[in-house]
Amino acid sequence: MNKIVHQLQIKAIYGIVFLLTPIAVLSQDTVLNKYGLWVIHDVKTLQQTILKDAAKQMVDIKKQIPAMVLDLRYSTTNNFMHQKLYPQLHTTFLRKPAADALLKVMQALQPLGLSIKIFDAYRPYSITEKMWEPVKDDRYAADPKKGSGHNRGIAVDLTLIDTKTGKELAMGTGFDNFSDTAHHAFTHLPEAVLKNRLLLKNTMEQFGFKALDTEWWHYSLPDAAKYELLDVEFGKLKGMGN
């Protein structure tokens, strides 16, 4: 009798271990950072979230939209930090709903002879921490205490370009201009510039993006809290085959 009880106890223990194994694997990357935020660093953990919600898939933009023009400034020194913050990139990433919406934006602009150029999309959380240090103004840089839509894969920095010439349309300032002139509410600009900004804004909002008041180039999906903050390297995202 005691032997049977002992065997049942062993089976029960193995059963508990088996049931808890997925939780244990997932919990390896669920430690909160110094701001009390959960930031995913591990591809396996990211994959677990995608299995639960396919909308969290990180999509390779050049695969989704091959004609997309990229000018990924943080892979160069041509940015406000004057240093390369990303490795050399030939593509970037967005969550699937953002990538799908961006494709619709491209299609809507085509009859106008226009397209878009992306300056930035997904941004690892650790890069946001670096960007915050010289700025420390949440009008122009994301506070790491909250994280960024870029870290969640639902924000994109972009501008309009002429499809034939590839030239950027006049927007009044360049990318990452930290002044009132870059604000949507700033109207002391040539009429052509105001029209270009409004066209970009209207088209992006038509397909679900929301404008950032202080940056004419920045748009994101409104349901940010749905998506986890990520600090996964670009190469690892590429390796996922999305």
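The values are calculated or read from the model by the stated rules, or taken from the named source; none is laboratory data. Treat the numbers as computed from the prediction; the structure is a model and nothing was measured. Using ideal geometry, Cβ is built from the backbone for each residue, glycine included, and neighbour counts are taken over all protein chains shown.
Output the number of the condition that Ser27 fails; it satisfies all remaining conditions of (1) surrounded by 12 or more Cβ atoms within 10 Å (Cβ to Cβ); (2) modelled with pLDDT under 95; (3) within 25 Å of Thr128 (Cα to Cα).
(1)
Scan the stretch 200-217 for residues that are in contact (Cβ under 8 Å) with a residue 40 or more places away in the chain and within 17 Å of Ile161 (Cβ to Cβ) and report the count.
The number of residues fulfilling the criteria is 5.
I need the full set of residues from the stretch 90-145 which are among the aliphatic types (A, V, I, L, M), part of a loop (DSSP other than H, G, I, E, B) and modelled with pLDDT under 95, in order please.
Hits for the stretch 90-145 are Ala141, Ala142.
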